[in-house]
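Just below is one structure, and these are the notes that go with it.
The values are calculated or read from the model by the stated rules, or taken from the named source; none is laboratory data. Predicted model, so just to flag it, every value in this text is computed and none were measured. Virtual Cβ from ideal backbone geometry, glycine too; neighbours counted across all protein chains shown. The accessibility values were calculated without ligands, DNA or RNA, using every heavy atom of the protein model including side chains. Shrake-Rupley method; radii C 1.70, N 1.55, O 1.52, S 1.80 Å.
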Amino acid sequence: MTDVADVSAAAELVVPSVDVEPGSQPVGWRHRHLLDVDGLSATDLDLVMRTADAMREVLDRPIAKVPALRGSNVTILFYEASTRTRVSFEVAAKNLSADVVNIAAATSSVTKGESLVDTIRTVEALGARMLVMRHSVSGAPYLAAEVFGGSVLNGGDGWHAHPTQALLDLYTMRQRLPGGSVEGRKVVILGDCLHSRVARSNLWSLTASGADVWLCGPSTLLRGFEAWAARGAASGRRFHVTSSVDDALRDADVVMALRIQRERMASGLLPSLREYAARFGLTRERLALARPDAIVMHPGPMNEGVEIAPDVAVSAQSSITDQVTNGVAIRMALLYLLAGVRDGG
Amino acid sequence: MTDVADVSAAAELVVPSVDVEPGSQPVGWRHRHLLDVDGLSATDLDLVMRTADAMREVLDRPIAKVPALRGSNVTILFYEASTRTRVSFEVAAKNLSADVVNIAAATSSVTKGESLVDTIRTVEALGARMLVMRHSVSGAPYLAAEVFGGSVLNGGDGWHAHPTQALLDLYTMRQRLPGGSVEGRKVVILGDCLHSRVARSNLWSLTASGADVWLCGPSTLLRGFEAWAARGAASGRRFHVTSSVDDALRDADVVMALRIQRERMASGLLPSLREYAARFGLTRERLALARPDAIVMHPGPMNEGVEIAPDVAVSAQSSITDQVTNGVAIRMALLYLLAGVRDGG
Amino acid sequence: MTDVADVSAAAELVVPSVDVEPGSQPVGWRHRHLLDVDGLSATDLDLVMRTADAMREVLDRPIAKVPALRGSNVTILFYEASTRTRVSFEVAAKNLSADVVNIAAATSSVTKGESLVDTIRTVEALGARMLVMRHSVSGAPYLAAEVFGGSVLNGGDGWHAHPTQALLDLYTMRQRLPGGSVEGRKVVILGDCLHSRVARSNLWSLTASGADVWLCGPSTLLRGFEAWAARGAASGRRFHVTSSVDDALRDADVVMALRIQRERMASGLLPSLREYAARFGLTRERLALARPDAIVMHPGPMNEGVEIAPDVAVSAQSSITDQVTNGVAIRMALLYLLAGVRDGG
């Protein structure tokens, strides 16, 4: 557990006055990289959440800017197209007064046959101190972390992990749930779990935080999770897998719909979009099975009318735009925490 | 009419000393968005022009930067390729010390099927306080303004409107015309008016300012404007439509050539480029019909040798590069004015 | 020769305290543009190197930022894809506190048929004070320099020149060679010299600095250099051309492998990649012919296993990542030196 002194020290550091020397170190954080959530203890998760609270406070100021990373180079190297994650990291870094370099790898010389390791070494030699990276190959950020001298933040790798998404989701649940905790809460992740790095990272952080997680979707898109669930149960994690939407949604506290990738149609794993929407789409009728104040979430971008009905997406229960804003706060918190480790040693 | 006190207050505010608190409010401006020029009164136009004067003065400084929007997030969301308008807004925002986020929608996840409304909500949740938007669909910025909590600036929508272009054109004319006013001046817009948002926005602001506007081009590319002209005349606006270049150019004070979009050829609305250049191209010979000191304008990018002859484009009468620089000043003025309204309420 | 007073004045100016007025002028630099290295005297080269020393010192600071170009607009206009050169200039400019505008010409309106001259005029009117430009046509930056009112920096034009690469290479050699000079040193450039702007610019600056330069590669890719060598020898420059790797590498002090462009295969000028690697690839065995402490260089991006073996690329003799970091320092130095000339007149 983080004691109160640690947390208030962190809060003090992340909301520095304009005169505070950049490079000050948060107390109690030990990780140089953020590759997935599976290495984060409950104490770590708590420190991220509390640091994000301080960053949310910064975001509410007329000038949402602190000097914590002034003059530090944050390079955003994305091998897959993205708007919200890329911009979220960019805004987070700029709010901390960092200098941001964007590299869209698809249109850069990394397509000229250069190896990933060479690209990472080059980016570091160009001055990057923090590297935010998205790659279509699972595990690519781990390789990057082996050669990069600063901090690597995984912005999504293949089907594997999307740790900042899981952290912003956890933050959003804690913000909205009565009592501020996911402990014992029924959280449903609804959709194509098989191909979802969002599902995989959330599964870890939510079960680690004591939530009762239900994965729900077409059985073809839940393959492999049954075995995980059995292992998870053995180690005290609460985790269910079902293709019954009714079972999943009944009395749920949180329902997170996942984006359906249209390109999965071709693989035969998914019925038509129309059929998917009819069987698994999050409609007002289905949501009525959940608790009256259940929170609706979606990592975006949405296919409205497919995995989520338009009226559900904008209802009072929806926290979808909160997720986006919280994503900026979470990424500010992580950049701040990781930078402290690097600067300190 | 803007009274003198208002204007000097505005001028004072837009050229703040380094110590001025960002968020200071200009006096007399009421619009939160800039969607088109048709909602701007003569007083509004005057305030924009005078604020732009102050911004031109900033541009002439060794360090062309004021802190007015420090820490404010200006997001530039362009659904169509652009260099000059996009960069002009970016430079304007940076000159005001804003943080700028560029989103080229064609290469972002907005192509993944996300609705425009969701994209706008997301951009706002990511921190955008001002949204500069270009879209191929007429009216798209109006939809954006309905859901966006900050200020929307239309950077061009379909054939409909390009208000910052019209304002920079008006500013450039006032700067160059003897007496500093377009009142009673003969202004010719020459080319493909049918598909031109530049023509539509200019038509409004110029007739509102008392200019005598002549649209000239192939009759297929003037369709619909005859009816406008009749309505305009009924309300006291001076507005003519003709396919006779000689009639249009005779004694003109300003001649603005429009860019010919090569892709219009396919539609059959336009003859060949060669034929167009022969009949409607702005050559030195044709320009001789206008007043000796007539101003030559073009919104860019030019097809030299088609709608405008190369020697005319670089002649002493040309104000084409002035238009570009004035565009930065106008956009600084608008960002500044709109930000004041948002901050104030 | 630069006298000591000049150099220490330059060093003092490039490492200004936070209070130093931007726009201060380095002593002894006369060039407004950097188009190629062939216009630089030995004194100029020396001033660039010593200014880069000061910039390297800035790069080692916790906050690698000086205010020298605060508020100045550096526009990076690239007509060819690039990561390292583009980012290197961007980081260099930001380290000097400039505002950076990126224009990737392939995706901008410069593809709409606008002439290069119009684009340059527009970029200047938008506020650019320094223009970094890469273009596939040899000589394009010279045309730009004729119309641009600020400073043009050539970031690579066709096969012609890549002056900042040559300067960072020279800097890296001086940094690593005993005695800090290339004078009398045997420097081998190995690969496709014919299509290489890197080879052409290096050839000039290295022979001007007294190095003994050997170009080595398949004879089809050395065409024309024999004649240069003869002319060079007549004017006292030391310069050899050979297809014998053994002759070239024997007792070399520096070996620079050039990137093989895969697209050259189609032209029939190059054997297969496998055959090229077997005959000309820089392997550990071949490198053993050179002096034991010979420096290995490569402008990147590398085709590992083709022109250079992976173990050679990461050996203790390799200075490839040093080249990248030195590239930032060299570009900071050049932006600083050129800005002083512009500001001064």
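Assorted remarks:
- Three principal axis extents of the range B:230-295 based on alpha-carbon atoms, in descending order, are 38, 32, 16 Å.
- Between A:Asp251 and B:Ala278, the simple spin-label model (points 7 angstrom out along Cα→Cβ) gives 8.5 nm.
- Per residue accessible area of chain B, 1.4 Å probe, in Å²: 36
- Those residues of the range A:80-96 for which accessible area with every protein chain present is at least 30 Å² below the isolated value (1.4 Å probe): A:Ala81, A:Thr83, A:Arg84, A:Arg86, A:Val87, A:Val91, A:Lys94
- Mean Cβ count within 10 Å, highest first, over the residues of peptides B:250-259, A:273-282, C:260-269: B:250-259, A:273-282, C:260-269
- Inter-centroid distance (Cα atoms) of the range A:277-333 relative to the range C:286-345, Å: 51
- Using alpha-carbon coordinates, inclination of helix C:4-14 to the longest axis of chain C, degrees: 70
- Cβ-defined net charge surrounding B:Ser97, 11 Å radius [Lys, Arg +1; Asp, Glu -1]: +2
- Carbon and sulfur %, accessible surface of the protein assembly as shown computed with the full protein complex present, 1.4 Å: 51
- Interface size B-C, as summed buried accessible area [1.4 Å probe, Å², nearest 100]: 2000
- About the Cα centre, charge dipole magnitude for chain B (Lys/Arg +1, Asp/Glu -1 at Cβ), debye: 500
- Cross-link check: pairs C:Lys94/C:Lys186; B:Lys65/B:Lys186; A:Lys65/A:Lys186; B:Lys94/B:Lys186; B:Lys94/C:Lys65; A:Lys65/C:Lys65 evaluated at a Cα-Cα cut-off of 30 Å; pairs beyond the cut-off: C:Lys94/C:Lys186; B:Lys65/B:Lys186; A:Lys65/A:Lys186; B:Lys94/B:Lys186.
- Euclidean distance of C-alpha centroids, the range A:177-207 and the range C:75-104, integer Å: 41
- Estimated from helices alone, the mean residue ellipticity of the protein assembly as shown at 222 nm is -12500 deg cm²/dmol (sum of -39500 (n - 2.57) over DSSP H runs with n ≥ 4, per residue).
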